[in-house]
Each structure stands twice: as C-alpha cells, then as structure tokens.
Amino acid sequence: MEKEQLRSLFESMTWLEKLGQLTQTTGQHYVADMPEEMVETGPEMDGIGLNPVTLPMVGSVLGVSGAEATNKIQHQNLSQNRLKIPLLFMHDAIHGYITIYPVPLGLSCSFDNSLLFDVAQATARELRAAGIHVNFSPMADLVRDARWGRVVESFGEDRLVSGGLGQAMIQGYQGLEQGKIGPHNVAACLKHFAAYGAPLAGKDYASVDVSMREFFASYAKPYEIALQANPKLVMSSFNSLNGEAVTASNYILTHVLREKFGFPGLVISDWGAVAELKNHGVAQSDRECAELALTAGVDIEMVSSTYLAYGPELLQADAELQEKVNAAVWKVLELKNEFGLFETPYADAEAEKMTIMQHNHLELAEQAALQSCVLLKNNGALPISVQAQKILLLGEFAQTQELLGAWQCKGRFEDTVSLLQGMKKEFPHAEVHACATLEECQNSWLEDVDMIVVTIGETWNRSGEGHSTVAADMPDKHKDLLRKVQGLGKPYAAVAFSGRPLALGDCIETMPALLWCWYPGTRGGSAIARLLSGAATPSGRLTMSFPRHAGNVPVYYNEPRSGRPACESSYSSRYQDCEIGPLFPFGHGLSYADITYSKVVLSANTITKSAPVQLQFCITNNSNYTCKEPVLLFMHDVAARMVRPDRELIAYRCIELKPYEQKTVIWEINWGQLCYLNASLEPVLEPGPVKLFLNGLDNEIGSIECC
Ligand code: BGC
C-alpha cells in the first residue's frame with residue numbers, strides 16, 4: 001500500500017480502533033474449533049476480557065502457527081474488521097520452529113556468529129511459511145545464576161557474546177538489508193528489556209536490584225549491542241529493576257531504550273505484564289495499569305487488554321498520550337505494510353509444506369549440534385575406539401527422542417534422532433545396545449562390553465520459563481549410576497543433557513570423559529554419535545561457568561576483584577568447605593584436534609584513544625580434523641580507579657580450520673574495548689598497563705601501555 005493510502009487509513013481510525021492495534025491476544029478467542037496443537041496458551045488473565053466489539057479491532061495474535069490456523073484467524077478478522085486491517089502473527093521460535101536447533105545456551109558455546117545467523121535465517125524461513133511475522137527472539141538477558149530456569153534460553157554470562165550472538169540472530173531473522181524485511185524473513189523481537197536475567201536468588205519473575213553502573217556495564221550491554229542490528233520490536237521484561245516495575249518504567253523504556261540506545265521500533269509488553277502491575281503493587285486498578293504502561297512507553301499490550309478497556313477515557317484530555325498512541329499505531333501499520341499484508345494477508349499452505357524441515361535445515365541442525373557440545377573432560381576415553389564391537393548406552397537419555405529442550409515450539413520428538421539411533425548409524429559394525437539402568441542390562445552383555453556411554457543430566461522440562469530450581473545439581477540417581485559404572489572397571493564416558501550448568505559433586509574426579517550436550521535438537525543423536533566416534537571433533541566452549549557446588553552460585557568468570565583474593569588462607573574470598581573457583585570456567589572446552597597459536601605480535605606497546613593496536617597471530621590445526629575453533633581474547637587491567645574483574649573478554653571469533661591448515665588472524669584492539677565505566681557512568685581508562693590473554697584465561701600473550 002502506498003504511504004498516502006496508509007496515512008488516510010490511519011486517519012480514519014477511531015481511538016478504540018487504534019488501541020485495538022496496540023492489543024495482542026491469543027488464538028483461542030477466534031476460532032472455537034481450532035485443534036489444540038495449533039494454538040498455544042499461557043496463564044489465563046483475569047479481569048477485563050475482549051468482547052464482540054473489541055475483538056475485531058485487535059492488531060496481533062500470538063501463539064498460533066501454521067498456514068491453516070493463521071489463515072482461518074486472518075479470514076475471520078478481515079471479515080469483521082471495519083477497516084480490513086490484517087493481523088500480525090507472533091510466535092516464540094526460540095531455537096527453531098519445526099526443525100529444532102540446540103537450545104540457545106548450547107548454540108552460544110559455538111561462539112559462532114555466522115552459525116547463529118544461519119540458524120535464525122532457517123528458522124525465519126519456516127516461520128514465515130507458517131504464517132508468522134514476528135519472532136519473540138533473541139533473548140539477550142545476561143545470566144549468572146544457574147538456578148534460574150531461563151538460562152537455557154540465554155547466551156550465557158558474557159555481555160559481548162550475548163550481544164554479538166543476539167545481533168547475529170536478529171540479522172538472520174530479518175534479512176541482511178538493514179531495516180527491510182526480506183520475503184522469507186520475520187521481524188525479530190529482542191527480549192527481555194531489561195536485566196530480566198538477574199532475578200533475586202534465581203527465582204523466575206523475582207525483582208532485580210543492580211547498581212546503575214553494573215546495569216550499564218554488564219546487564220544492559222548485550223541489548224545495546226544487539227540493538228545495532230535494528231530489531232523491529234523489543235519486549236519489556238516482567239521484573240522490577242531497582243524498585244521500578246519495568247512495564248511501568250519511563251526511565252527504562254523511554255529514557256534508556258529509546259533516548260539513550262536510540263531504539264526507534266515497537267515495544268511490546270511481556271505476557272499479561274501490564275495487568276500484572278497490580279501484583280507488583282504499583283497500580284491499584286486496570287485503568288492505572290493502562291495509564292502507567294502507555295506513559296512508560298509500552299506500545300503493544302500482550303494478552304491483557306487494559307488499553308482497549310481504559311485507553312479511550314485516558315486519551316480524552318491527554319495530548320501527550322494521544323501522541324504516543326498515534327506514533328505506536330503508525331509503526332504497527334507500517335510493519336504490516338512492510339510485510340505486504342494489506343495485499344497478501346494469507347500464508348501459502350503449499351509453500352509451507354516445502355519449507356518445513358528442508359534437508360538443508362536438518363543439516364544445519366546437525367552442524368549446530370556439533371558446535372554446541374562441549375567436551376569438559378577427556379583422559380583419552382574419547383573418541384571411542386574404532387575397534388569397539390560392543391557399545392552400551394546407559395541411563396535415562398540412552399534412547400529418548402526428547403532432546404529438544406524447553407521452547408521446542410512445533411518440533412516433534414518423533415522427528416528427533418535419539419542417541420541410540422545416531423550411534424547405530426555411526427557404528428554400523430558394532431553391536432549398540434541401550435538400557436535405562438544397569439539392572440536392566442544382562443550380565444553377559446556387561447562382561448565383554450568395549451565401551452559404556454553413560455547418559456546423565458536433567459530432563460528438558462526441568463528448565464525453561466517458570467522452572468527455576470533451588471539447587472543446580474546433578475540428580476542423585478545419576479551420580480549413583482556413575483558410581484556403579486565406575487565400579488564395573490569397564491571403559492566408559494559420560495554424555496550429559498541439561499538446560500543449565502550443574503554441580504557434579506565428586507563424580508567428576510573419577511569420570512574418564514564428559515561431553516556436555518545441553519539439548520541438541522532434532523539431529524542431536526547424530527551429532528553426538530559423530531563426536532563420540534571421532535568423525536568430528538568437539539569445539540564448543542562454555543559460555544556459563546560450572547560451579548563446584550550447587551551453593552556456589554552465582555559464579556562467573558568476570559566477578560570484580562577482591563582485596564583478599566581467593567587463596568589457601570581462610571581469610572580470603574572463598575568458602576571454607578569448597579575448593580576455589582568454578583569447576584569449569586567460562587571459555588573451557590576440549591577438542592580432539594591439536595590447535596596451536598604462534599607468532600603473536602602486537603603492532604605497538606602503547607594504545608591511545610586515537611591509536612589502536614593491531615594484534616596478529618597464527619593459528620594452526622595440526623590434525624586431520626576440520627575444526628571450528630572459538631578464539632577468545634581477554635584483558636586484565638593491572639590497576640584502575642574502580643574495581644574491575646580479573647579478566648574481561650574483549651573479542652571473540654570462531655575460526656574454521658581445515659586439516660593441517662594455518663591461518664593468520666589480525667585483530668584491532670581499540671581504546672573502547674579496554675575502557676570501563678566510572679562512578680559517573682563515563683567510559684574511562686587510566687594510564688597504565690593492560691595485559692592480554694589469548695585462548696584461555698591464563699595464557700598471557702603480552703601487555704600494552706594505555707596513555
Ligand atoms: C515469556 C516471553 C514470551 C512470551 C510469549 C512470556 O511468558 O516471558 O519470553 O515471548 O511469554 O509467549
């Protein structure tokens with residue numbers, strides 16, 4: 001539609017119709033006979049509902065997908081909406097739509113922006129074919145506490161990684177041309193702004209209290225970075241932040257998000273969060289909820305409908321609010337127009353069939369799973385010897401297809417490759433057998449078994465939204481299983497599944513090898529089998545530290561330094577009953593390949609604001625494996641006026657190396673990467689040395705003097 005036409009449509013709208021465009025509801029309001037699997041629902045909202053007058057005015061629907069279902073609803077909407085304004089459909093395809101990729105925490109361990117771009121692009125293709133226009137992804141919430149169920153949806157504990165991967169996903173969803181959504185793309189909704197990942201004691205939806213310095217330096221940084229990819233939408237978060245409910249915070253949603261970070265797009269509330277302002281105790285009535293959220297800058301209200309109920313009277317005498325509503329409605333109409341919905345409101349069911357689970361999406365799912373698994377320990381037990389004739393897969397995950405993780409969207413277990421299926425294919429000449437328990441397994445089988453793969457961890461429904469745990473611990477039954485297997489004296493390795501880092505207890509001491517697979521998605525079993533056989537090498541690195549003990553959370557690599565750093569002395573920053581430091585820190589991950597770094601050269605030994613330094617090094621693959629090597633560069637500011645962490649990541653990249661290939665890498669290090677926020681929230685860097693560490697927290701490669 002031409003802009004003038006859109007403008008005249010806009011001008012013909014009543015206030016109620018405009019507020020309808022700022023209201024989002026669920027599918028079950030539309031078609032009574034819709035099969036349940038086509039419509040997802042969340043918690044019911046009490047209070048004001050939609051009615052036959054307001055329902056046809058609603059602007060968007062969430063949780064419905066598939067050409068058939070969305071077309072039905074769109075048809076009903078267009079036959080009842082006075083101005084024939086089509087609906088937008090929004091969905092949560094957090095790590096794939098029907099083809100499911102590893103969970104985001106797993107994907108982040110690849111440190112591979114282009115992989116996440118590809119995953120998002122393939123997801124967008126399936127979504128768009130299924131009638132979806134907006135994806136509620138990526139989530140760039142910085143996380144440090146493994147008890148929080150939603151760490152599985154995050155990119156871990158580092159701000160650069162969370163921001164960079166978030167940015168890559170937004171580009172993949174929306175298409176490469178900045179600001180213009182391609183024909184097989186969807187609009188991205190970056191969430192949950194802001195600091196939702198730091199709830200008190202890891203309890204979902206709990207309050208967040210962080211200093212403003214920590215907010216801008218750490219928690220807000222990933223969104224700030226991801227926003228550079230111009231997501232069309234941002235979702236405001238459920239939590240309160242430093243005493244203000246975010247949904248009602250003009251400071252967070254207007255001052256920080258729009259004015260400071262320059263976000264020009266639409267802000268949508270989280271599910272029912274506008275009406276939940278009453279539960280926060282910042283509003284007494286739904287009317288007040290509507291007023292607070294609209295004033296703060298929430299453009300679209302998700303699920304509750306206080307805007308439709310109270311908006312018209314609130315707008316009557318408030319020119320400022322009218323202006324806000326007009327601006328928001330105009331953006332909604334523009335987005336609909338950008339999708340060409342006024343001309344083509346329906347999805348093409350034939351195209352949908354062709355697009356879903358395409359061969360290249362499945363291949364990508366396998367590649368993504370290969371890069372997401374992290375080899376945490378290996379004393380040589382892996383890869384499994386090619387001579388192995390009898391392989392036993394043991395434990396709860398040996399043959400399950402439930403490897404998709406939380407937010408599995410429309411992914412189907414029956415399409416998922418289990419570990420047993422993957423191993424049978426990978427070891428065609430061996431006998432591969434699966435047992436849930438040792439007791440189930442015949443002694444004759446155990447006697448001459450060549451390798452036992454013990455599967456441990458948490459089932460997928462132990463993490464995700466509303467699934468926090470009081471302790472992030474490996475279940476006792478799995479620790480017992482490991483002890484029993486250890487007692488057999490047979491070669492074994494462990495393969496773990498979870499949506500969060502888990503404390504492993506003393507099992508780790510005796511465990512010969514441990515491959516952490518998160519939830520690896522549709523092709524998980526094939527990818528893990530290839531890693532176990534050595535057909536491919538593990539390359540993932542942790543983006544979230546593993547605690548030694550469930551009580552040792554939050555634990556993260558860039559904790560601020562202490563005047564009494566942890567050491568043997570009890571008068572140091574440590575627990576008296578636990579070893580120092582994380583069990584496996586951020587960045588840890590082993591490989592079968594032999595990768596070496598050499599010829600490390602810094603172009604200068606001083607750095608100023610205007611004169612960056614170049615870091616050059618060679619990276620060599622001395623093995624027969626094709627590798628995707630995450631390369632991480634850390635800094636250590638020897639002395640600053642404010643307390644800084646011991647190590648901070650300043651750059652990362654995933655570098656592909658063919659067998660025996662050597663690559664020269666050149667990175668620019670600039671002042672902005674090294675500086676920090678002072679007490680007045682200004683970026684500063686005092687004169688003095690900064691040490692650099694490459695490929696590991698302790699591998700110092702030199703230092704530069706800041707002037
Ligand atoms: C979650 C969001 C999600 C929304 C819509 C909420 O409960 O916090 O992440 O996008 O529901 O499903």
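The values are calculated or read from the model by the stated rules, or taken from the named source; none is laboratory data. Keep in mind it's a predicted model, so treat the numbers as computed, not measured. Every residue, glycine as well, gets a Cβ built from its backbone with ideal geometry; the counts of neighbours run over all protein chains shown. To get the accessible areas, we keep the full protein, side chains included, count just its heavy atoms, and leave off ligands, DNA and RNA. Shrake-Rupley method; radii C 1.70, N 1.55, O 1.52, S 1.80 Å.
Things to note:
- Filtered residues of segment 74-99 (kept if of a type in the set (Gly, Ala, Ser) and surrounded by fewer than 23 Cβ atoms within 10 Å (Cβ to Cβ)): Ser79
- Condition met for Ser573 (surrounded by 13 or more Cβ atoms within 10 Å (Cβ to Cβ), free of Cβ contacts under 8 Å to residues at least 12 places away in the same chain and assigned to a loop (DSSP other than H, G, I, E, B)): yes
Residue by residue, here is whether (1) within 11 Å of Leu142 (Cα to Cα); (2) at pLDDT below 95; (3) not β-branched (Val, Ile, Thr) holds:
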| site | (1), (2), (3) |
| --- | --- |
| Lys180 | no, yes, yes |
| Ala188 | no, no, yes |
| His192 | yes, no, yes |
| Ala198 | yes, no, yes |
| Gly202 | no, no, yes |
| Asp209 | no, no, yes |
| Ser218 | yes, no, yes |
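- Options Val690, Val638, Val631: the member that is surrounded by fewer than 18 Cβ atoms within 10 Å (Cβ to Cβ) and touching a residue at least 24 places away in the same chain (Cβ under 8 Å): Val638
- Looking across segment 1-47, just one residue is at pLDDT 95 or above, part of a loop (DSSP other than H, G, I, E, B) and under 20 Å from His91 (Cβ atoms), and that is Leu22.
- Among strands (runs of 3 or more DSSP E) entirely within segment 609-707, having at least 1 residues that are within 30 Å of the chain's Cα centre (by Cα) and under 21 Å from Glu157 (Cβ atoms) singles out 627-637, 648-657, 688-694.
For every residue, the table says whether it meets (1) more than 14 Å from the ligand (Cβ to nearest atom); (2) within 19 Å of Glu343 (Cβ to Cβ).
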{"position": "Pro52", "(1), (2)": "yes, no"}
{"position": "Met57", "(1), (2)": "yes, no"}
{"position": "Val64", "(1), (2)": "no, no"}
{"position": "Ala67", "(1), (2)": "yes, yes"}
{"position": "His75", "(1), (2)": "yes, yes"}
{"position": "Leu87", "(1), (2)": "yes, yes"}
{"position": "Thr99", "(1), (2)": "yes, no"}
{"position": "Gly106", "(1), (2)": "yes, no"}
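- Considering Glu157, Glu126, the condition of being over 15 Å from Gln228 (Cα atoms), touching a residue at least 24 places away in the same chain (Cβ under 8 Å), among the acidic types (Asp, Glu) and in contact with a Lys or Arg (Cβ under 7 Å, 6 or more places away or on another chain) is satisfied by Glu157 alone.
- Members of segment 627-644 found to be farther than 21 Å from Tyr660 by Cα, among the charged types (D, E, K, R) and in contact with a strand residue (DSSP E or B) (Cβ under 6 Å, 6 or more places away or on another chain), listed by number: Asp637, Arg644
- Scanning segment 292-315 for residues that are at pLDDT 95 or above and among the polar types (S, T, N, Q) returns Thr295, Thr306.
- Residue that is over 22 Å from Ile704 (Cα atoms), over 33 Å from the mean Cα position of the chain (by Cα) and at pLDDT below 95, where the choices are Glu579, Glu568: Glu568
- Boolean, Ser562 is out of contact with any helix residue (DSSP H, G or I) (no Cβ under 7 Å at 6 or more places or on another chain), open to solvent by 20 Å² or more (accessible area, probe 1.4 Å) and not β-branched (Val, Ile, Thr): yes
- Sole exception among (1) crowded, with 20+ Cβ neighbours inside 10 Å; (2) not in a strand (DSSP E or B) for Ala496, by number: (2)
Conditions (1) closer than 24 Å to Leu633 by Cα; (2) in a loop (DSSP other than H, G, I, E, B); (3) not aromatic (Phe, Trp, Tyr), marked per residue:
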{"position": "Ser137", "(1), (2), (3)": "no, yes, yes"}
{"position": "Leu142", "(1), (2), (3)": "yes, yes, yes"}
{"position": "Ala146", "(1), (2), (3)": "no, yes, yes"}
{"position": "Arg150", "(1), (2), (3)": "no, no, yes"}
{"position": "Glu157", "(1), (2), (3)": "yes, yes, yes"}
{"position": "Leu160", "(1), (2), (3)": "yes, no, yes"}
{"position": "Gly166", "(1), (2), (3)": "yes, no, yes"}
{"position": "Ile170", "(1), (2), (3)": "no, no, yes"}
{"position": "Tyr173", "(1), (2), (3)": "no, no, no"}
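- Comparison of Ile650, Ile666 shows that the only residue that is modelled with pLDDT of 95 or more, among the aliphatic types (A, V, I, L, M) and open to solvent by 20 Å² or more (accessible area, probe 1.4 Å) is Ile666.
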